[in-house]
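Have a look at the structure below, then the notes.
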Amino acid sequence: MQEHQQGTARREPVVCVKYTDLQSGADLCSAIEQAYGNEGLGILAVTGVPNLQVLRAKLLPLAKTLAELPAEVQAELEHPSSSYMFGWSLGKERLSSGTPDFSKGSYYANPVYDRPVDDESQIAQFPASIHPNIWPTKHLPDLEPAFKVLGQLVIAVGVLVARQCDAYAARARPGYSGGLERMVAASRCAKGRLLHYFPLGEGRGSDNGGSAQRAATSPAAAPPPSPPLEGASFSDWCGWHLDHGSLTGLVPAMHLDARGAEVTCPDPASGLHVMSRRGELVRPVAPEGCLLFQVGEAAQVQSGGALRATPHAVRAISRSGSGGAAAVSRETFAVFMQPMCEEAMVAPEGGLRGEGGDEHLPRGVAPLHTRWEPGISFGEFVRRTMRAYYG
């Protein structure tokens, strides 16, 4: 494994499909192979999704509102027993350097089921996946409906993408019997994550009024300042990782100034970056207003390697930019579509192909083979993955 440096990323267009083509059942196997096959970036863009922009405008600004709630309110919304995987989370993850990540705050919830299962023993066994939702009904009542409606739209489009993935994988791996569409449609443990990426420096201690300030005022908890732009690793906003679920839907990011007004991103080099199978740093370029879908490790296993997950990270806006660049935050929403905890992760007959390429994984990314073995439950895979990344 390598520690990849920031350098200049190669810009590459993301493979795009039209929502209407997905809906009509057109054969999009070629696009799926280009996006998710061995030479793909692991990302597919879906254009023309109805109501996406309206629902995005309702939800994403609430990420900033959450991040600016008083510290005592944020503390009420934390849920330690689920490893902070439900409700509010800040500073609980660690960057590849080992320092706590105060660069972003997250709000986690299931966008479909407030209580996905009733079995208390099962909830106790897999609290990070199936604990009941926690909503800030008293302090931010608009969050729950906006979160659910947009999350359910992302899943509905994800079902159509998964159908095309099944068709492609069946051609690429004769032993593949399908099931990705069924899983995305029927699973009760999808997870939505609303994210507020603090302007660089603010999440490490400023007058933002929330628990970012509280954490940064503690000398033991405050991480060091960001490294210089030149040669800095990609961990300012989100460090390198692989999604461990099946399919991740990404809503177009929104950039806000200090007053909460939407602005154009002041740094075109910031945002999502991917490490290609050949170890190349790539800045994916997608049309405005589209939904992005990334494939995860569970789908890679299920498809026997026909679908491939790729390491990705989020590069922050440069503090050396002109004007108010340093005061711009990034708001986004991801929906993780994943199997039920008890579901076995089994590759098709012939096993998991194309497991190589670990030499190009960025530092801190745990190879799949260190966490997965044939027949392991998805819940156990999640547990091993969390241990590998968060200790």
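The values are calculated or read from the model by the stated rules, or taken from the named source; none is laboratory data. This structure is a prediction, so every number in the text was calculated from the model and none was measured. Here the Cβ is made from the backbone with ideal geometry for all residues, glycine too, and neighbour counts use every protein chain on show. Keep in mind that these areas ignore ligands, DNA and RNA; they rest on the heavy atoms of the full protein, side chains included. Shrake-Rupley method; radii C 1.70, N 1.55, O 1.52, S 1.80 Å.
Some points to look at:
- If you filter region 367-391 down to residues that are surrounded by fewer than 21 Cβ atoms within 10 Å (Cβ to Cβ) and charged (D, E, K, R), you find that the one that is farthest from HIS131 (Cα to Cα) is GLU373.
- Helices (runs of 4 or more DSSP H) lying entirely in region 1-82 (those with 2 or more residues that are of a type outside the set (S, T, N, Q) and closer than 19 Å to GLY105 by Cβ): 52-59, 61-67, 71-76
- For region 285-301, a residue qualifies if it is open to solvent by 10 Å² or more (accessible area, probe 1.4 Å), touching a residue at least 40 places away in the same chain (Cβ under 8 Å) and not in a helix (DSSP H, G or I), and the qualifying residues are VAL285, ALA286, PRO287, GLY289, LEU292.
- Total residues in region 241-260, condition part of a loop (DSSP other than H, G, I, E, B) and open to solvent by 40 Å² or more (accessible area, probe 1.4 Å): 3
- Selection within region 261-277 - more than 30 Å from ALA169 (Cβ to Cβ) and open to solvent by less than 10 Å² (accessible area, probe 1.4 Å): SER270
- Taking the conditions (1) surrounded by fewer than 21 Cβ atoms within 10 Å (Cβ to Cβ); (2) at pLDDT 90 or above; (3) in contact with a Pro (Cβ under 8 Å, 6 or more places away or on another chain) in turn, GLU331 satisfies each one other than (1).
- Within region 64-87, the only residue that satisfies the criterion of being surrounded by 19 or more Cβ atoms within 10 Å (Cβ to Cβ) and without any contact (Cβ under 8 Å) to a residue 40 or more places away in the chain is TYR84.
- Among (1) within 16 Å of LEU242 (Cβ to Cβ); (2) among the small types (Gly, Ala, Ser); (3) surrounded by 20 or more Cβ atoms within 10 Å (Cβ to Cβ); (4) over 18 Å from the mean Cα position of the chain (by Cα) - the single one GLY304 does not satisfy: (1)
- Evaluated against (1) open to solvent by 20 Å² or more (accessible area, probe 1.4 Å); (2) closer than 30 Å to ARG277 by Cα; (3) at pLDDT 95 or above, LEU44 falls short on exactly one condition, (1).
- Applying the criterion of being farther than 30 Å from TYR19 by Cα and among the charged types (D, E, K, R) to the residues of region 97-155, the residue that is most open to solvent (accessible area, probe 1.4 Å) is LYS138.
So that you can scan it fast, the table gives a plain yes or no per residue for (1) closer than 25 Å to PRO284 by Cα; (2) over 20 Å from the mean Cα position of the chain (by Cα):
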residue	(1), (2)
VAL54	yes, yes
GLU78	no, no
TYR84	no, no
GLY87	no, no
LYS92	no, no
ALA124	no, yes
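- The selection criterion, being among the small types (Gly, Ala, Ser) and touching a Cys at 6+ places or on another chain (Cβ under 8 Å), holds for SER129.
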